[in-house]
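Student: I have a structure I would like to understand better, so I am pasting it below and will then ask my questions one at a time.
The values are calculated or read from the model by the stated rules, or taken from the named source; none is laboratory data. Since this is a predicted model, take the numbers as computed values, not measurements. Cβ placement follows ideal geometry from the backbone for every residue including glycine, while neighbour counts extend to all protein chains displayed. Just so you know, the surface numbers come from the protein's heavy atoms only, side chains and all, with ligands and any DNA or RNA stripped out. Shrake-Rupley method; radii C 1.70, N 1.55, O 1.52, S 1.80 Å.
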Amino acid sequence: MLKEYYLGIDVGSVSTNLVAIDQNGTLVEKLYLRTSGRPVDTVKKGTLMLTENLGDQASIKAAGTTGSGRKLAAVLLGADVVKNEITAHAVAARRLYPNVRTILEIGGQDSKIILMRNGIVYDFAMNTVCAAGTGSFLDRQAARLEIPIEEFGGYALRAKTPVRIAGRCAVFAESDMIHKQQTGHCTEDIVAGLCEALVRNYLNNLAKGKEILQPILFQGGVAANIGIVKAFEKELGISILIPEYYDVMGAYGAALLAKEELEINQRETGFLGLGNLKHEFTVQSIDCAGCSNLCEVIKICSNNMPIAYWGDRCGKWGDLTANELVQSYK
Amino acid sequence: MIVTIPNLGNISIAAKALFDGLKIPYIMPEVNHNDTLKIGSFYSPEEICLPFKIMMGNYIRSIEKGADTILFAGSCGPCRFGEYCELQMKLLTKFKPDLRFIVIDSPLDIGKKAFLKRLNEINLSSSASRKEKLSAMLAAYHTIRILDQIDAKAHELAGYEREKGACKNLLYSCKREASACDNPVQMLKVLNDYKKKLRQIPLDYSKNPLKVAIIGEIYTIIEPFSNLYIEEKLMDYSVSSKRTLTPSWWLKDTFLKPLKINSLAINHAAKKYLPYKIGGHGRECVGESLLAQQSQMDGAIQIMPLACMPEVVAKSILPSIQREKDFPIMTLVIDEMVGEAGYLTRIEAFLDMLEYKRKTGVKWAVCSSFPS
């Protein structure tokens, strides 16, 4: 008998995460891949890998996408739900911890705080100007110190006297770290100092004026870093929870939303199937000269056939119907 | 004398009507796009706020096309904006030594004599008769008034339209046609026609769209390029949006200021939270959020350029309003970025939040244990 699953994809700047959930909304299969700057290839590869893991008897009933590449992924897959990552994270967290009141989320390029009250989003903030407190900065520093990122947290835990590092700006933080390293501080103390600096920056930048109440969930790839977790607990003075699927919570939320969408609206899925993913997808940018706005329009082609445009303000390209898309090819 | 002005939403259309009527040669600023910002920030101080940079881009492009006089409405320092013209004069005369700046400040600030002298500078270059001048000024006033009305109505009705995109498309063609007119009478006719057309858009009043107020720093909320076209985006999401600060509001406010009867409702509303003038439109921002709450809107979005001093003060007051009045407010800080991903994420998440709040009927104020 065919087993039905719902697919959720979170296309982030650093990682692309995929999950499959079953009829009950339980996570069955998950995948965490590096986006490596090529979201189209990663989505194709990831979806095929995930469905392979699900076995022959699996069928995808619906798909949802989220993350900064959500629109692109939605076109490739024919997704039923395209949702922002804040809502997706909140939905997933609420599913696992119905009484959650604070969600800390640190991903590759951005960090967010989401406050939940009575099961709905009450307030949120996203980092505005600097990526100092995010995963890609940690990655970079780990590479510079030649520590595998997986062991980064362990180093922080072994520190005896963490050094103080400026956390407001990635450039200041790095020069502070180099200064401390050249004066002879050990790597453990520097790593721990960096973790504390990032947490301080996060709380100052995002959580100012916001009431952080328990239970607190920590999601996103950076939650794997035990050094950051401990620094949060030290700074807040309360313990924080790491959900089992902390690294794919966005994708999990997207899958749950896709399931909900189909169930509530009782409609057919728009999922294009796996065969569609074998097509050759190309992305092209064109400068529209139709008026003085000079929009940068993105054109997505599947086997050289345009399947979507966006980036225009007037709708000249974005509102094209299927027939008109074919026309624009000629 | 060939006049140019900076781009500021609908003002450039009304200014065109004015210059056409006054028979003053002019060069209209290009519609803002990435190139405007690129060249503007190249010639601007690094730390200055975003409007300065966009304006510089407008000026430079117009000067290249032959403009030799810049007409600008100053305001003698409620915030950095008050120093814009001095700094821009210094920067631009390096670019073009014989460039003239005519800065129209309020007579309260510069004195009646200086005010009239500056007005006369424009007057002298006009070849129109006195009667034509008067009617040109009246026509320009009506142009901006009607344009702002059409804008406001289209933004409001976008939530109710039967055919998605009808309001947005109408607004687009209205502005395109109005800009193409070369005399004020014709332009007014076009605008009045569109006002009528707007009334004929099929609506569905059984819809109950989200209603969001746009508040914040005046330049960045009026000039759509600077706020990454937030009002158009809200129209795309079928949200009814409302913005009080418009060019015609500003005109009215400026004329009523000497009599101290300007923005009474806003100032009265803001009284409990911010009873002082803190420069810019900080007090207006606070007052408007409270007025929006009183008129049963779902939430407000504050928009400000990075490091805008008056709005930073307002921003720190808004969370108390959010808490005590059970009224969600989100702040969007904008600068030179043109990538929209993070921006859209915030807007979409905010709209989701408002939707859930409506659906569940949860009272925000009850959720928080903050002492009010």
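Student: For the range B:155-254, what is the Kirkwood hydrodynamic radius in Å, using each pair of distinct C-alpha atoms? Can you show the working numbers first?
Tutor: On the way: mean 1/r = 0.0678 Å⁻¹.
In the range B:155-254 this quantity evaluates to 14.8 Å.
Student: Okay, moving on. Quick one: compute the contact order of chain A, relative version, from alpha carbon pairs under 8 angstrom and 6+ residues apart, as a percent. Don't skip to the end; give the middle numbers.
Tutor: Working: 683 pairs, mean separation 66.3, N = 330.
Reported as a whole number, the value is 20 percent.
Student: Right, here's the next one. How much accessible area per residue does the range B:220-372 have, in Å², with a 1.4 Å probe? Working shown, then result.
Tutor: Working: 6520 Å² over 153 residues.
Dividing the accessible area of the range B:220-372 by its residue count gives 43 Å².
Student: Under a crude label model (7 Å from the Cα following the beta-carbon direction), how far is B:Ala307 from B:Lys195 in nanometres?
Tutor: Taking the simple label geometry, B:Ala307 and B:Lys195 are separated by 4.3 nm.
Student: At a Cα cut-off below 17 Å, give the aspartates and glutamates reachable from B:Lys133, other chains included and same-chain residues fewer than 8 away excluded.
Tutor: Hits, sequence-local ones excluded: B:Asp20, B:Glu121, B:Asp182.
Student: Measure off 7 Å from each Cα along the Cα-to-Cβ vector at B:Tyr356 and B:Asp35, then give the distance between these two points in nanometres to one decimal.
Tutor: Using points 7 Å along Cα→Cβ, the separation is 4.4 nm.
Student: Continuing with the same structure: So what is log10(I(q)/I(0)) for the range A:199-249 at q = 0.14, 0.32 1/Å, when the Debye sum runs over its Cα atoms only?
Tutor: -0.34, -1.36
Student: Amide H of A:Val82: which non-local residues (sequence gap of 5 or more, or other chain) have their own amide H closer than 5 Å, using H built in the peptide plane?
Tutor: Long-range HN contacts for A:Val82: A:Thr65.
Student: Rounded to whole Hz and in sequence order, give me ³J(HN,Hα) for the range A:304-312 from the Karplus expression 6.51 cos²θ - 1.76 cosθ + 1.60, θ = phi - 60°, writing x for Gly and Pro.
Tutor: 6, 9, x, 10, 6, 10, 7, x, 8
Student: I've got another one for you. Take every Cα-Cα pair in the range B:3-126 and report what % of them are more than 24 Å apart. Walk me through the intermediate numbers first.
Tutor: Values: 1864 of 7626 pairs.
Tail of P(r) above 24 Å: 24 percent of Cα pairs.
Student: Hey, can you grab everything whose amide H is under 5 Å from the amide H of B:Arg243? Only 5+ residues off in sequence or another chain; H modelled, so Pro and N-termini drop out.
Tutor: Correct list: B:Ile214.
Student: Now a separate question. Ignoring ligands, DNA and RNA and using a 1.4 Å probe, state the total buried accessible area between A and B in Å², rounded to the nearest 100.
Tutor: On the way: alone 16000 and 18250 Å², together 31610 Å².
Chains A and B together bury roughly 2600 Å² of accessible area.
Student: Per residue, how much accessible area does the range A:61-103 have with a 1.4 Å probe, in Å²?
Tutor: About 28 Å² of surface per residue is accessible.
Student: Rank these residues by their accessible area, most exposed first, probe 1.4 Å: B:Phe42, B:Phe52.
Tutor: Values: B:Phe42 155, B:Phe52 0 Å².
Order by accessible area, largest first: B:Phe42, B:Phe52.
Student: Compute the projected area of the convex hull of the Cα atoms of the range A:244-330, averaged over all viewing directions, and report it in nm² to one decimal place. Numbers along the way, then the final one.
Tutor: Working: hull surface 34.3 nm².
Mean shadow area of the hull around the Cα atoms is 8.6 nm².
Student: Within 10 Å of each Cβ of A:80-88, how many other protein chain Cβ atoms are there on average?
Tutor: Working: counts 0, 0, 1, 4, 11, 5, 7, 9, 2.
Mean shielding by partner chains, rounded to a whole number: 4.
Student: With respect to the cross-link table entries A:Lys30/A:Lys299; A:Lys208/B:Lys207; B:Lys131/B:Lys189; B:Lys23/B:Lys175; B:Lys168/B:Lys272; A:Lys45/A:Lys299, which display a Cα-Cα separation exceeding 26 Å? Display every interim value, and only then the final one.
Tutor: Working: A:Lys30/A:Lys299 30 Å; A:Lys208/B:Lys207 37 Å; B:Lys131/B:Lys189 20 Å; B:Lys23/B:Lys175 22 Å; B:Lys168/B:Lys272 37 Å; A:Lys45/A:Lys299 21 Å.
With Cα atoms farther than 26 Å apart: A:Lys30/A:Lys299; A:Lys208/B:Lys207; B:Lys168/B:Lys272.
Student: Which value in Å is the Kirkwood Rh of the range A:18-115 over different Cα pairs?
Tutor: Values: mean 1/r = 0.0678 Å⁻¹.
Across the range A:18-115, the inverse of the average 1/r is 14.7 Å.
Student: Hey, another quick one. Tell me the carbon and sulfur percent of the accessible area for the protein assembly as shown, rounded to whole percent, probe radius 1.4 Å. Present the calculation step by step, with values, prior to reporting the outcome.
Tutor: Values: 17070 of 31610 Å².
Carbon and sulfur: 54 percent of the exposed surface of the protein assembly as shown.
Student: Follow-up question, since we're still on this one. Could you work out the relative contact order of chain B? I mean the mean sequence separation of Cα pairs under 8 Å and 6+ apart, divided by the number of residues, in percent.
Tutor: 16 percent
Student: Taking GluC sites (Glu not before Pro) that fall in a DSSP loop and have at most 16 other Cβ atoms within 10 Å as cut points, what is the longest piece of chain B between them?
Tutor: Details: sites that count: B:Glu46, B:Glu47, B:Glu163, B:Glu336, B:Glu340.
The reported range is B:164-335.
Student: How high is the relative contact order of the range A:281-329? Use alpha-carbon pairs under 8 Å, at least six apart in sequence, and give a whole percent.
Tutor: On the way: 75 pairs, mean separation 13.6, N = 49.
Relative contact order of the range A:281-329: 28 percent.
Student: Mean-square fluctuation check for chain B, GNM, Cα pairs under 10 Å: which of B:Ser226, B:Ser263, B:Ser241 is largest?
Tutor: Looking only at B:Ser226, B:Ser263, B:Ser241, the biggest GNM fluctuation is shown by B:Ser263.
Student: Let me know the whole percent of all Cα-Cα pairs from the protein assembly as shown that are separated by more than 32 Å.
Tutor: Values: 140969 of 246051 pairs.
It works out to 57 percent of all Cα pairs.
Student: Let me ask something else. Note down the nm distance, to one decimal, between modelled labels 7 Å out along Cα→Cβ at A:Ile286 and at A:Asp319.
Tutor: In this crude spin-label approximation the distance works out to 1.8 nm.
Student: In the Gaussian network model of chain B, springs joining C-alpha atoms below 10 Å, which of B:Leu171, B:Leu91, B:Leu124 carries the largest mean-square fluctuation?
Tutor: B:Leu124
Student: Taking θ = phi - 60°, what integer Hz values does the Karplus form 6.51 cos²θ - 1.76 cosθ + 1.60 yield along the range A:228-243, in sequence order, with x for Gly and Pro?
Tutor: 5, 4, 5, 5, 4, 5, 5, 5, 8, x, 9, 7, 10, 9, 10, x
Student: Give me the Å³ per residue figure for the convex hull around the C-alpha atoms of the range B:142-182.
Tutor: Working: hull volume 2.1 nm³, N = 41.
Taking the convex hull of the Cα positions in the range B:142-182, it is 51 Å³ per residue.
Student: Just need log10 I(q)/I(0) for chain A at q = 0.12, 0.15, 0.16 Å⁻¹, Debye formula, equal scatterers on the alpha-carbon atoms, no solvent, rounded to two decimals.
Tutor: With no solvent term, the Cα-only Debye profile gives -0.89, -1.20, -1.28.
Student: Counting partner chain Cβ atoms within 10 Å of every residue's Cβ in B:346-356, what's the average?
Tutor: Values: counts 7, 1, 7, 13, 5, 2, 10, 9, 1, 2, 6.
Average neighbour count from other chains, rounded to a whole number: 6.
Student: Output ³J(HN,Hα) for the range B:61-66: one whole-Hz value per residue in order, computed from phi by the Karplus curve 6.51 cos²θ - 1.76 cosθ + 1.60 with θ = phi - 60°, and x for Gly and Pro.
Tutor: Values, residue by residue: 4, 5, 4, 4, 8, x Hz.
Student: State the Cα centre-to-centre distance between the range B:332-360 and the range A:133-200 in whole Å.
Tutor: Measuring centre to centre over Cα atoms gives 32 Å.
Student: Whose amide H sits under 5 Å from the amide H of A:Phe281, counting only residues 5 or more places off or on another chain, with H placed in the peptide plane?
Tutor: A:Asn303
Student: Might you tell me the accessible area per residue for the range B:3-126, computed with a 1.4 Å probe and given in Å²? Write out the running numbers ahead of the final one.
Tutor: On the way: 5510 Å² over 124 residues.
Per-residue value: 44 Å².
Student: Sort out for me the Cα centre separation of the range A:50-65 from the range B:95-155, rounded to whole Å.
Tutor: 65 Å
Student: Round to a whole angstrom and tell me the spacing of the C-alpha centers of the range B:224-257 and the range B:9-59.
Tutor: When both Cα centres are located, 18 Å separates them.
Student: Another question, if that's okay. Tell me which of A:Val163, A:Ala143, A:Leu277 sits at the most positive position along the dipole axis of the range A:125-284, charges placed on C-beta atoms (Lys, Arg +1; Asp, Glu -1).
Tutor: A:Val163
Student: In addition: So how much accessible area does B:His268 have, in Å² to the nearest 10, using a 1.4 Å probe?
Tutor: 140 Å²
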